[in-house]
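Visitor: First, the structure itself, so that you have it in front of you.
Read the figures in this text as sums done on the coordinates, not as results from a lab. Since the model is a prediction, treat every value here as computed from it, not as a measurement. Glycine also receives a Cβ, built like all others from the backbone with ideal geometry; neighbour counts cover every protein chain displayed.
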Amino acid sequence: MTEKLEKYKAQPIEQMIFTVRGQKVILDADLAHIYGVSTKRLNEQVRRNTERFPPDFAFVLTDQEVTNLRSQFATSSYESIRSQFAITYHGGRRYRPYVFTEHGAIMAANILRSERAIQMSVYCHPLQFILSNQTRFPSY
């Protein structure tokens, strides 16, 4: 897994970020790779902790959004992600992907127990999160 992760880290993060519903998001498979866990495990933890992921932290793409992203990948040079959207009945994804906003990515780091996710949750200081969301936390 470490070799895969090292190769994956070489990809610029900017190529993993897309705008969906007016928000910058990262796909569940990309976030899972960054945190060193499987996509299945990441999504499992999100489903088990739904109260920690309001719609402005993470959401499932609609069929139309998946189609739109597929068309973007067909014209981009970002090769490694194209196969993620092979939503079929025989291999590939069987479900529409989750996407995570910046705050959802931080929350995911807090619920996962991989070494990389722990490093990321320590790196992302909670005070930065609160200060950047003062309308959400008016009492601070």
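Visitor: Evaluate the distance, in nm, between pseudo-label points positioned 7 Å from the Cα of Tyr95 and of Asn49 along their respective Cα→Cβ axes.
Guide: 1.6 nm
Visitor: Of Ile13, Ile111, Ile34, Ile106, how do they rank once you tally other Cβ atoms within 10 Å and put the fewest first?
Guide: Ile13, Ile111, Ile106, Ile34
Visitor: A further question on this structure: Given the Cα-Cα distance of Arg70 and Gln119 and 0.36 nm per residue of separation, how much length would full extension add, in nm?
Guide: Gain on stretching Arg70 to Gln119: 14.5 nm.
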